[in-house]
Amino acid sequence: MAFEYEHFDIIEVAKYCGIQFHPKNSNDVEFKALCPFCNDRKYHLGINRQKERFNCFKCGESGNSVTLYAKLYGVSNKEACEVLRGNKENFEPAVVQYSEVDEMPIRSIEDRHNVYYDFLSLLKLNTAHRHALEMRGLSFRHIHQFMYRSMPMDRVFRREVLEKLASKHDLIGIPGFYIDKYGDLQMYINKYGGIFIPVCNHEGYIQGLQMRLDVPADSDEKKFRWFSSKHYPSGTGAKPWIHIVGDTNAKEACLTEGAMKADVTSVLSNGQLFIAVPGVNAITYLPEIINELGITRIYEAMDMDKRSKPEVKKAMIALRTALNGTGVENISCTWNPAYKGLDDYFLAKVLEKQSQAMPVAA
Ligand SMILES: [Zn+2]
C-alpha cells in the first residue's frame, strides 16, 4: 500500500536540513536556494511552499518535504516522516501568506494546438516507449495517430527542437515553456523522462500535454503530470483539461481517468467514445463537455484500485453529484478489481479472445 504523507512546511524542513537560501527571496511562496544534491553555486533549487515541492533546475532533483529529508539523509520516506513529526514543534508555525505569482496568461486553444502539434512533430518516440505502448495493446498505426512522443532528454537535441519551434511560434503563454533568467527559452523537463500524451478536445485540437513519467516502479512519485511551466519565469500553468477520444457522434460515452487509458480502451473497444478527466478530483470542465457532446448516457468507469481510499470516496461522491447535475443518465461500472483500470480489463479480455482463437497444438 502506498505510504500516506503527512504535510510539513517545506521551508521549515529545508531550514532544518541546513539548506542555504538565497539572501534575497522576494515572496513567501517561492524560494531560491543552493541545491544540496548537486554542485550548485547559483541557487538552482526552487522551493514552493504552497505546493510543498522542491525542484532543482540544474540536476532535476525534485520532491516534497518528506522526500527532501529522506533523499538528503538516505532514509526511507517513512523514517523521514517520523523524524519530521518528532521535530514539528521546533518548526515555526506555518503561517503562509500567498502572494500573486506572475504567470503569463494562457493562449487560445488554436495557438496551443499549433505549437504542440509542431512540437510533437519535431520529437521522436524511442524504442522502449513504443514497446511499452504496444504492450498496452496499441498498434503502430494507433501510436502514430495519437502522436505519442518521448520527452527530449538530450540537451543538444532539445535545444534544436526549441530553436526550430521558436522560429515559427511565440511560446509565451503556452504551458510547458518559459524564459529563464538568462533570457533563454526553456521547456519543463523531468529528470525521469517519459512520454508526452496529447490531451485533445472533441474536435481533435491538442489542448495540452500530459506526461507519463518513467518513475521507478518502487517510487511513490506521481507517474502522470501536466506539461506545465507554472511558477517558472514567464511560464504558464496547465488547466484540468478533459480528453475526448473515439466516435464523437455516439450518444453514449465512457468516463475514465487519464488520456492514455482512454486512448487505449477506446482502441480496444473499436472506437467507443471516451471522456477522460485528468484525475478523479479534476472535474471542473466535465459538465460543459458533457453538454457539448450531446450524449444521453455515461458509463462511469474510474479506476477500481483507489475506490476504497477515503479521499477518493469523497471525490467519487462529488463526481456523481456533478454527473447527476447534467441530467444525463449515468451508470457506474465495476469490474473485477484484479484489473486496476478499465484498459487492463479490456486488454485481458482481448488477449483471452486471441488465445482462444489460436489453434491448439496437438
Ligand atoms: Zn541540483
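The values are calculated or read from the model by the stated rules, or taken from the named source; none is laboratory data. Remember, predicted model here, so these are calculated numbers, not experimental data. Please note: Cβ atoms are built from the backbone with ideal geometry, for glycine as well, and neighbour counts cover all protein chains shown.
Within segment 14-62, restricting attention to residues that are of a type in the set (Val, Ile, Thr) and modelled with pLDDT under 90, the residue that is nearest to the ligand (Cβ to nearest atom) is 19. Could you please give the count of residues in segment 238-260 that are in contact with a helix residue (DSSP H, G or I) (Cβ under 6 Å, 6 or more places away or on another chain) and farther than 20 Å from residue 320 by Cβ? Total satisfying the criteria: 3. Selection of segment 321-349 for residues being assigned to a strand (DSSP E or B) and over 16 Å from residue 276 (Cβ atoms) yields 329, 331, 332.
One line per residue, one yes/no per condition, for (1) surrounded by 19 or more Cβ atoms within 10 Å (Cβ to Cβ); (2) more than 27 Å from the chain's Cα centre (by Cα):
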site	(1), (2)
29	yes, no
36	no, no
55	yes, no
71	no, no
76	no, no
85	no, yes
